[in-house]
1. Under a plain spin-label model, where a point goes 7 Å from the Cα along Cα-to-Cβ, how far apart in nm are residue 327 and residue 310?
2. When the Cα centres of the stretch 315-352 and the stretch 124-159 are compared, how far apart do they sit, in Å?
3. Can you give me the convex hull volume of the Cα atoms of the chain, divided per residue and expressed in Å³?
4. Could you order the peptides 142-149, 280-287, 171-178, 191-198 from most to least packed, using the average number of other C-beta atoms within 10 Å per residue?
5. Within the stretch 234-340, list the GluC sites (Glu not before Pro) lying in a DSSP loop whose Cβ has at most 13 other Cβ atoms in a 10 Å radius.
6. What does the accessible area per residue of the stretch 145-294 come to in Å², with a 1.4 Å probe and no ligands, DNA or RNA counted?
7. Give me the compactness ratio for the stretch 145-294, meaning the Cα radius of gyration over 2.2 N^0.38 Å.
8. Calculate the tail of P(r) for the stretch 107-181: the fraction of all Cα-Cα distances greater than 17 Å, expressed in %.
Amino acid sequence: MASGGGVDEVRNKQVILKDYVSGFPKESDMYLNASGTIKLKVPESSNAILVKNMYLSCDPYMRGRMKQPIPGNETYIEPFKPGSPIVGNGVAKVLDSGHPDFKKGDLIWGVTGWEEYSLITATQTLFKIHHTDVPLSYYTGLLGMPGITAYAGFYEICSPKKGEHVFISAASGAVGQLVGQLAKLLGCYVVGSAGSKEKVDLLKNKFGFNEAFNYKEEPDLHEALKRYFPEGIDIYFENVGGKMLDAVLLNVRAHGRIAVCGMISQYNLEHPEGVHNLMTVIWKRVRIEGFVCDEYCHLFPKFLELVLPYIKEGKITYVEDVAEGLESAPAALIGLFTGRNVGKQVVVVARE
């Protein structure tokens with residue numbers, strides 16, 4: 001640790017994106033820079049905050065930020081900058097602050113860098129953590145962006161009613177596992193799909209889904225859905241896209257609702273697959289709506305009010321897949337696209 005002008009300067013390991021990625025991402029598309037340094041002080045007259053990162057979130061949407069932007073085809077979130085640290089949601093502790101709303105020692109969650117320490121200028125993306133009687137890592141998942149995504153997609157987009165038939169794809173992931181439990185608590189019939197026996201067992205035995213199936217073992221997804229939903233699907237929480245969406249469209253009931261949260265089957269394709277059964281949307285009067293969590297962040301207090309008691313009463317549970325150390329972050333992120341993770345993928349940078 002060096003000290004310049006009375007300010008400590010420390011080493012700051014970072015995960016850097018080498019270049020824009022096309023096709024399937026690889027660990028080698030990122031590298032660990034161990035030679036960076038940072039001053040542990042916010043610059044004079046800046047309203048930024050300086051944080052020590054504790055937990056980082058690996059989320060499928062981050063794949064889209066690795067792509068070279070196409071003029072005229074901008075997405076809702078700007079791409080990463082090659083040669084710079086990756087950024088994403090995380091949990092951190094404030095070490096120094098030039099901002100009136102944050103003070104040294106505060107715990108926060110929000111957008112931070114994939115590095116040991118970050119100077120955050122976009123403080124509007126941060127939430128202060130007030131409830132510390134739950135695992136802090138939950139603020140990367142259950143009580144963070146995936147949690148609000150599940151809450152907003154299910155309640156705001158799907159307008160669910162007791163007794164409805166709900167299908168969730170990628171159901172053991174960060175968002176799906178919570179959607180399923182919220183649907184069960186409301187009194188819905190819930191089925192989830194996942195990609196391994198272990199995940200299917202989790203859905204049925206830990207999260208309380210009525211049924212679950214391994215999509216990799218189903219030669220015909222349409223027939224599989226017909227088996228689990230003989231009377232059809234009222235609500236589909238979409239995380240996968242492609243062939244799964246096509247099969248759902250054949251099994252959806254009149255006035256069905258589809259909340260389009262993600263389409264992980266399409267993220268690494270140069271040419272996304274088409275959807276063939278869209279005619280169903282007309283004669284079954286189906287509503288399909290895409291959404292991004294950013295538009296629902298104002299609901300965070302309402303969301304906590306609902307979910308915290310459920311967690312404390314043991315009515316909602318959450319599974320995390322924890323990778324230790326910043327150096328494990330690239331492999332953890334890539335693992336999302338092969339289904340390697342079981343539950344919410346978290347990277348631990350520091351526990352305190």
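1. About 4.0 nm, to one decimal.
2. Result: 17 Å between the Cα centres.
3. Once divided by residue count, the hull of the chain is 140 Å³.
4. Taking the mean over residues of other Cβ atoms within 10 Å, the ranking is 171-178, 142-149, 191-198, 280-287.
5. In loop regions of the stretch 234-340 (DSSP not H, G, I, E or B), the sparsely surrounded GluC sites (Glu not before Pro) are 270, 313.
6. Normalised by residue count, the accessible surface of the stretch 145-294 is 42 Å².
7. Output field value: 0.94.
8. 55 percent
The values are calculated or read from the model by the stated rules, or taken from the named source; none is laboratory data. Fair warning: this is a prediction, and the values are worked out from it, not measured in the lab. Positions of Cβ are generated from backbone atoms using ideal geometry, with glycine treated the same way; all protein chains shown enter the neighbour counts. SASA here: full protein model, heavy atoms, side chains in, ligands and nucleic acids out. Shrake-Rupley method; radii C 1.70, N 1.55, O 1.52, S 1.80 Å.
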